[in-house]
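Q: Here it is: the structure, laid out below.
The values are calculated or read from the model by the stated rules, or taken from the named source; none is laboratory data. Here the structure is a predicted model, which means the values were calculated and not measured. Note that each Cβ is placed from the backbone with ideal geometry, even for glycine, and that neighbours are counted across all protein chains shown. In case anyone asks, the SASA skips ligands and DNA or RNA and just uses the protein heavy atoms, side chains included. Shrake-Rupley method; radii C 1.70, N 1.55, O 1.52, S 1.80 Å.
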Amino acid sequence: MSDALPAGPGGPGDPLSPHPYDALLLLSFGGPEGPEDVVPFLENVTRGRGIPRERLEEVGQHYFLFGGVSPINAQNRRLLEALREDFAASGLGLPVYWGNRNWAPYLTDALREITKDGHRRVLVLATSAYASYSGCRQYRENLAEALAALQEEGLNPPRVDKLRHYFNHPGFLEPMIDGVLASLAELPGDVRERAHLAFTTHSIPTSAADTSGPAGAHGDGGAYVAEHLDVAELIVEAVRERTGVTYPWKLVYQSRSGPPQMPWLEPDICDHLEELHGQGAPGAVMVPIGFVSDHMEVLYDLDTEAMAKAEELGLPVRRSATVGADPRFAAGIREMVLERAATERDERPARCALGALGPSHDVCPVGCCPARTPKPAAAGAKERTTA
């Protein structure tokens, strides 16, 4: 799915040249767009895990509460429009395509369209800002599978590279900071200055967290936890600068889906709200830093379940906005596209990043976010794999 923009005016020396890239692919998770899509979508997500249909129908109730529609595809359409508008206004001539891992428009179809349109170097923007197997490596495995499928069709697919993790880019951080300030302002006056900030992200198995990021970052929580903590600290400091208040905070988790015997990152957001209430906290703001947009896990796990828990406790709670299609996020993506293009041209562009961790790697090294069962993965350093 693409709306092509006119080619940019300059060649490799132009600061607005995307050379050597000739297309950008927005790669996302996908979601159902009607009740009849829910179970087939969940079958795609869980393929190969042997989960019975009855269990999928049970899980699907979260979607049926919202008419069987996940908001993620509509949100990606808005992000596509924001990217295209920003690129056009800035004179960056780069067509933008969109493909999903688990629902239409599918990744393989998008890459087939890109190939038939004649593009040879593609930069991929994944809607996941942090390092982890499910947030990075799995997307790269899906890219490898899709490219292999096109080769089996007799096509000559393009080379794909993946845009670096953007968790600490100002274009991602500034909209979240504003969201926290707006949510604090919504709390009652006697609560506002003593409220707690609960930074939320998707829980993952502790084993996956411990091996997230490059091998040198492996350890307790790995890069996944370290990156989220860095973002939380940046937001807390920015809020302090703008309000004069240093708010107490904690990184907590949501959306656990694994078997109970498998250790996952904790505490859960609902357990944390109970803890805050028990400690006498007057209120809280939930800050979903782990999510790019208000998709189903935000709408159900936070806006439905966690808010119900807060109401049960009598605890004033607000939920701050995700980045979504904020123009600053689109502008930040443009900056990183141009940065990566200049790097590929052997130039030395500025690499914008805030916080203690600095800009992430451009190419995932060997051993980065390994899978339990090794599979080929595109857009990373060369490594030996077994099918």
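Q: What is the number of the single condition among (1) closer than 30 Å to residue 359 by Cβ; (2) open to solvent by less than 20 Å² (accessible area, probe 1.4 Å) that residue 68 does not meet?
A: (1)
Q: Going through 338, 357 one at a time, which residue ends up being assigned to a helix (DSSP H, G or I), buried (at least 18 other Cβ atoms within 10 Å of the Cβ) and touching a residue at least 40 places away in the same chain (Cβ under 8 Å)? If you could, list the steps in order and put the result at the bottom.
A: Working: 357 fails: assigned to a helix (DSSP H, G or I).
Matching residue, one of 338, 357: 338.
Q: Same structure, new question: Take residue 346 and tell me if it is assigned to a loop (DSSP other than H, G, I, E, B), in contact with a strand residue (DSSP E or B) (Cβ under 8 Å, 6 or more places away or on another chain) and surrounded by fewer than 20 Cβ atoms within 10 Å (Cβ to Cβ).
A: Values: assigned to a loop (DSSP other than H, G, I, E, B): yes; in contact with a strand residue (DSSP E or B) (Cβ under 8 Å, 6 or more places away or on another chain): no; surrounded by fewer than 20 Cβ atoms within 10 Å (Cβ to Cβ): yes.
Answer is no for this residue.
Q: Further question on the same structure: Against the conditions (1) touching a strand residue (DSSP E or B) at 6+ places or on another chain (Cβ under 9 Å); (2) of a type outside the set (Gly, Ala, Ser); (3) buried (at least 17 other Cβ atoms within 10 Å of the Cβ), where does residue 92 fall short? Just the number, please.
A: (1)
Rundown of residues vs (1) buried (at least 20 other Cβ atoms within 10 Å of the Cβ); (2) modelled with pLDDT of 95 or more; (3) not polar (S, T, N, Q), yes/no style:
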{"site": "285", "(1), (2), (3)": "yes, yes, yes"}
{"site": "295", "(1), (2), (3)": "yes, no, yes"}
{"site": "298", "(1), (2), (3)": "yes, yes, yes"}
{"site": "320", "(1), (2), (3)": "yes, yes, no"}
{"site": "326", "(1), (2), (3)": "yes, yes, yes"}
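Q: Among the numbered criteria (1) open to solvent by less than 40 Å² (accessible area, probe 1.4 Å); (2) at pLDDT 95 or above, which one does residue 304 miss?
A: Every condition holds for residue 304 apart from (1).
Q: Scan the range 249-271 and tell me whether some residue there is open to solvent by less than 10 Å² (accessible area, probe 1.4 Å), in contact with an Asp or Glu (Cβ under 9 Å, 6 or more places away or on another chain) and assigned to a helix (DSSP H, G or I).
A: Let us first name the residues in the range 249-271 that are open to solvent by less than 10 Å² (accessible area, probe 1.4 Å), namely 252, 254, 269.
Filter again for in contact with an Asp or Glu (Cβ under 9 Å, 6 or more places away or on another chain), leaving 252, 254, 269.
Those left that are additionally assigned to a helix (DSSP H, G or I): 269.
Within the range 249-271, one or more residues are open to solvent by less than 10 Å² (accessible area, probe 1.4 Å), in contact with an Asp or Glu (Cβ under 9 Å, 6 or more places away or on another chain) and assigned to a helix (DSSP H, G or I).
Q: Right, next: Please specify each residue of the range 60-79 satisfying the condition of being of a type in the set (A, V, I, L, M) and touching a residue at least 60 places away in the same chain (Cβ under 8 Å). It would help to see each step written out before you state the result.
A: Initial filter on the range 60-79 (of a type in the set (A, V, I, L, M)): 65, 69, 72, 74, 79.
Listed by number, the residues that qualify are 65, 72, 79.
Q: Does any residue of the range 98-116 turn out to be among the aromatic types (Phe, Trp, Tyr), within 24 Å of residue 362 (Cβ to Cβ) and either part of a strand (DSSP E or B) or open to solvent by less than 10 Å² (accessible area, probe 1.4 Å) (or both)? Outline the logic, then answer.
A: Residues of the range 98-116 that are among the aromatic types (Phe, Trp, Tyr), as a first pass: 98, 103, 106.
Filter once more, so that each one left must be within 24 Å of residue 362 (Cβ to Cβ): 98.
Restricting the remaining residues to those that are either part of a strand (DSSP E or B) or open to solvent by less than 10 Å² (accessible area, probe 1.4 Å) (or both) gives 98.
There is at least one residue in the range 98-116 that is among the aromatic types (Phe, Trp, Tyr), within 24 Å of residue 362 (Cβ to Cβ) and either part of a strand (DSSP E or B) or open to solvent by less than 10 Å² (accessible area, probe 1.4 Å) (or both).
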